[in-house]
Amino acid sequence: MITWFEKHMPKIVLAPSFLIAVIFVYGFIGWTAWVSLTRSRLLPRYDLHGFIQYERLFDSARWDTALNNLYIFGFLFIVISTLLGLILAILLDQKIRTEGVIRTIYLYPMALSLIVTGTAWKWILNPGLGLEATVRGFGWTDFSFDWLVNPDKAIYTVVIASVWQASGFVMALFLAGLRSIDQEVIKAAQIDGIPTWRIYTSIIIPSMASIFLSAFIVLAHLAIKSFDLVIALTGGGPGFATDLPATYMYTMAFSRGDLGQAASSAMVMMMIIFAIVVPYLYSELRAKHD
Amino acid sequence: MKSKFLFAASAALTLSFAGIAKAEPQAEVLHWWTSGGEAKSVAVLQQEFASRGGTWTDMPVAGGGGDAAMTALRARVLSGNAPTAVQLKGPAIQEWYEEGALSDISSVAEKNGWADVLPASIAGHMKCEGKWCAAPVNVHRIDWIWANASVLADNGIAMPTSWDEFNAAADKLMAKGITPLAHGGQAWQDATVFEAVALGIGGPEFFHKAFVELDQATLKSDTMVKVFDQMRKLRGYVDSNFSGRDWNLATAMVMNGEAAFQIMGDWAKGEFLAAGKRPGIDFLCASTPGEGFLYNVDSFAMFDVKGDDKQAGQMLLAELIVGQNFQKVFNMNKGSIPARVDVALDDFDTCAHISAQDMATSNAGGSLLPSYAHGMALRGAQSGAITDVVTAHFNSDMSSSEAVNMLAKSIANSL
């Protein structure tokens, strides 16, 4: 009896948290999926009505804008953050004197809450108060930087603020990766007379492939969950030009009393995330079997 | 020693039984009137309730427009423990009634003759399938235009009585470098201006067909295109910094002469008065060009609760809310006018008098209309759909015909 206990101890200890995760994560995902098939408005109802919520969703101009914004914002945010983080990490890795101080400065934005980031950048990018007004005050009276209030360009301001926030973190990831590379390989390549930039592109960066993947996963989930930054920076943007799926879902659920729409937009968000994460998981599991 | 203990124990038991036997009126009230003037106004009701022997449990949930309060309400209703009274307005009352959450206060309404002292359209909002379920607190008017008196006098402009007059005055002011219209670029403010323009250009029947009945033909009509044309003109009359500005900062622009006009509900009057400005002398108030009266009635809806003390609390609260004293004191503090038509308005200022007179005339003439922008005419999903189109049009260079098509489509989608 006791040996059975000892043998199964790990499973028994993990069982409560496993159960809680199953109920509160997967159970509620199932509940949301159910509600997304109903005509719920103010309070949830449970009689199924087919896919009308999804039809309404993809018929809505605001959801169109939100999805487009997600693609633009997600792509730019991930690519620019990764590149910037990589460049900063490579530069910091050159054994400079004040590396500790500079590294801390670059990492600081990550410590700020997104609301603070959004509010600060809102003031900086405000045409009448921030950058545009300052540069005009310096004498360049034709300078204009009104992206924040321009419905076509406002989403790029969200990219600016979130890249500022996240690139320090990506830099820290890459720095750790660079530090863990075997120096013997680098020295051997240098003896062979290979130029430094070639060492980076052919040896160092490929060996950090797993870090690229981790950075991508973290940045992708940050991009999809972006809510507080958008609300603080543009409040949904001029009109609804900077709406994202997360803000759309919140508005439908809590301001418009339209739970069916909120549930269906949440399910679509989840499917987008699955489309990214499932191939990654699959490749990881397959790698283990090799 | 033992007898002392027995005596104390029995005394305690008796006292506790005495407490249970009384069933004093109790009310747990959910609201979002948390800022200075509003909190003072709610305190008036709290004091009256206490003086009639009731116990008030306050449940204030701050957060503009009541989003956070509605979330708290949904959680309480779903858990079966609804608050006694909730600050709700417009079709939200009927929506909650359809979810089976409200109680019936017709006995109080009939005893105090509410049907005789409330205008018909306002009384209609307080009823759920013919039975009274909510008590109205005040009447805010939405379609006001406020102006800086000296700016107008210096430029020889009178308060405009038509939108063409407004445009002419605005062009004159732009030439002098004064911002004609102070505006805050938030969705609800865009919607407020839009419905004032729609009422002015289309008239009361157009407004009712478009924003209460949601008639597709009216939504796609040429009059609606003209409304959007005027909105495009107004976009040219606001300053370049208007995006995201709060409404009270726009009022401040009018107060210090940077801008001439603001289109905003009568809570703007509170800002002027708090800054020591005098109506008629420092600032002018008038209805926006056009006929009609757009109202926003705050009210407390009574939820279905168990327990004699809570139900007694609801009855007492309802009676006090529509009582003469509360209607007068609350509205003097908040800047709105009483929902009761028989309250003496001697202590109210001139703008309130104008408002009350207009309410009586429009009530008689059938042009007393619910505001869509402030949640009186439509449910959240539909009013949100309209506001989305209005704010997208105002903040981009969308053409009026595109906007009209988007409007008709979004409303059809939201039903």
Chain A: relative contact order in percent, alpha carbon pairs under 8 Å with at least 6 residues between: 30
Region B:321-376, relative contact order in percent, only Cα pairs under 8 angstrom and at least six apart counted: 24
Rounded to whole Hz, the Karplus (6.51, -1.76, 1.60) HN-Hα couplings of region B:327-334, x for glycine and proline: 4, 6, 5, 4, 6, 5, 6, 9
Total formal charge among the other residues, if their Cβ is under 15 angstrom from that of B:LEU273, Lys/Arg +1 and Asp/Glu -1: -1
Highest-fluctuation residue, A:ASP59, A:ASP258, A:ASP142 considered, GNM on chain A with Cα pairs under 10 Å: A:ASP142
Proximal charge balance of B:MET59 [Cβ under 12 Å; K/R count +1, D/E count -1]: -1
Net +/- balance of residues flanking A:VAL159 in space, Cβ distance below 14 Å, scoring K and R +1, D and E -1: 0
Relative exposure of B:HIS183, B:HIS31, judged by other C-beta atoms within 10 Å (fewest first): B:HIS31, B:HIS183
Ranked B:SER410, A:SER264, A:SER255, criterion: other C-beta atoms within 10 Å, fewest first: A:SER255, B:SER410, A:SER264
Listed residues B:SER41, B:SER355, B:SER107, most fluctuating in chain B (Gaussian network, C-alpha, under 10 Å): B:SER107
Cα-based shape type of region B:312-366, given that a ≥ b ≥ c are square roots of the gyration tensor eigenvalues and the cut on a/c is 1.5: oblate
Contact order normalised by residue count of chain B, Cα under 8 Å, 6+ apart, percent: 27
CD proxy at 222 nm, helix term only [per DSSP H run n ≥ 4: -39500 (n - 2.57); per residue of chain B; nearest 500]: -16500 deg cm²/dmol
Alpha-carbon centroid distance for the pair region B:287-366 / region B:31-51, whole angstrom: 15
All lysines inside 23 Å of B:LYS269 as judged from Cα atoms, apart from same-chain residues fewer than 8 positions distant: B:LYS40, B:LYS89, B:LYS277, B:LYS328, B:LYS334
Cα gyration tensor shape for region A:121-264, rounded if a/c is under 1.5, else prolate or oblate: oblate
Sparse-neighbourhood loop sites, chymotrypsin sites (Phe, Trp or Tyr not before Pro) in region A:25-122 - DSSP loop, at most 14 other Cβ within 10 angstrom: A:TYR46, A:PHE51
Cα coordinate range in chain A, projected on the principal axes (Å, largest first): 80, 72, 30
Whole-angstrom gap from region B:68-100 to region B:126-175, using each part's C-alpha centre: 32
Gaussian network model of chain B, Cα within-10 Å springs - most flexible of B:ALA187, B:ALA109, B:ALA50: B:ALA50
Label zone at B:LYS306, where the point sits 7 Å out along the Cα-to-Cβ direction: region B:57-81 residues whose backbone N lies under 14 Å: B:79-81
Rounded to 5, the percent of DSSP beta bridges in chain B classed as antiparallel: 60
Cα gyration tensor category, rounded, prolate or oblate, for the protein assembly as shown with a/c compared to 1.5: oblate
Using θ = phi - 60° and Karplus 6.51 cos²θ - 1.76 cosθ + 1.60, couplings along region A:149-165 (whole Hz; Gly, Pro as x): 9, 9, x, 7, 9, 4, 5, 6, 5, 5, 4, 4, 5, 6, 5, 4, 6
Per-residue Cβ neighbour rank within 10 angstrom, fewest leading, B:LEU234, A:LEU14: A:LEU14, B:LEU234
DSSP-loop GluC sites (Glu not before Pro) across region B:59-148, with at most 11 other Cβ within 10 angstrom: B:GLU129
Volume in Å³ per residue [convex hull over Cα atoms, computed for chain B]: 158
Long-range amide H partners of B:VAL137 with built H, under 5 Å: B:ASP298, B:SER299, B:PHE300
Rough spin-label spacing in nm, given labels placed 7 Å along Cα→Cβ, for A:TRP123 and A:ILE191: 5.8
Estimated vicinal HN-Hα couplings, Hz - region B:242-247 in sequence order (Karplus 6.51, -1.76, 1.60; Gly, Pro = x): 6, 4, x, 5, 6, 4
At most 10 other Cβ within 10 Å, DSSP loop - GluC sites (Glu not before Pro), region B:263-334: none
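Readers should treat all values here as calculations from the given coordinates under stated rules, not as data from a laboratory. All values reported here derive from a predicted model rather than from experimental measurement. Note that each Cβ is placed from the backbone with ideal geometry, even for glycine, and that neighbours are counted across all protein chains shown.
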